[in-house]
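Worksheet for the structure shown next.
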Amino acid sequence: MYDDENRATDAACRELLDHVLQDERAWMSDLAPGGVPSPGLAALIDRGSPEFSGRPLRVRWLGLLGEVLWDVFSDNHDVVGPDGELYDLGSFRGSADFIADVVNDRLPDDLRAGPSRSERGWGVRGVGAFVYLDFYMGTLGADKGRVRPFYVRVFERLRERGCDWRYASPSLGAVRLTPTDSDDDPATYDPLAALAEAATQSEKNAAFEKLSRDFAEANAEAFETSVRDPPPVVRSYMEVFGGRPRYVRR
């Protein structure tokens, strides 16, 4: 039984992430013998900017693992413990920053940041350190077929701890930005201008409602598509757990 109100502590979330990353150094050695990445690994860790692809192998490897963690633990999905506790790392940005802290602790001393995320603030990079921008949106743009073995490894670790996972299909939403009310001065009040403003606002409201309907239809279609043709992360879950995850709508 799931209990969304029962959120795991930050310490418990970190401990689970550390468990997922257990033995990752040995796995890196298998995929990059002698420090030379296999072609499949190179396609994933060197897909970023030239600045990033020039960083040490250890940094690029951990960067990929952080992106994979974001794909599973964030992106509107849920990791749920055996007692219903929710391993919620925060918002898209907050979860990326949480993961950055965990991954930074695995960097060698000469590349590790000094301040923690609570001390350095958003997006402030230490020497060689990861920040939330490195993991925000996960493996977006990567060949998901190449990412699947990494998803499988994460789900295997979660299964070891008796955890489950809930999948949320991609969704879009419209945000209405409403201007604050101004103090109308009766001396300068213009009824014609007020009528024109009201007509303009009515048109904006109609456009907003149409956009909201369009998004709702697109979200419903994306949900049905993910059921008919599960994405790689769902297929990886199925490979480990032997069945589909619970699908949730956001």
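Readers should treat all values here as calculations from the given coordinates under stated rules, not as data from a laboratory. If you're wondering where the values come from, they're calculated on a predicted model, not measured in any experiment. FYI the Cβ positions are ideal-geometry reconstructions off the backbone, even for glycines, and counts take in every protein chain you see.
A43 sits among other residues whose Cβ lies under 9 Å from its own Cβ, and their net charge, with Lys and Arg +1 and Asp and Glu -1, is 0. When peptides 99-106, 197-204, 16-23 are sorted by average Cβ neighbour count within 10 Å, with the highest value leading, the order is 99-106, 16-23, 197-204.
The residues packed around L17, meaning those with a beta-carbon under 12 Å from its beta-carbon, carry a net charge of -2 if Lys and Arg are +1 and Asp and Glu are -1.
Taking other residues whose beta carbon is less than 10 angstrom from the beta carbon of Y167, and scoring Lys, Arg as +1 and Asp, Glu as -1, yields +1.
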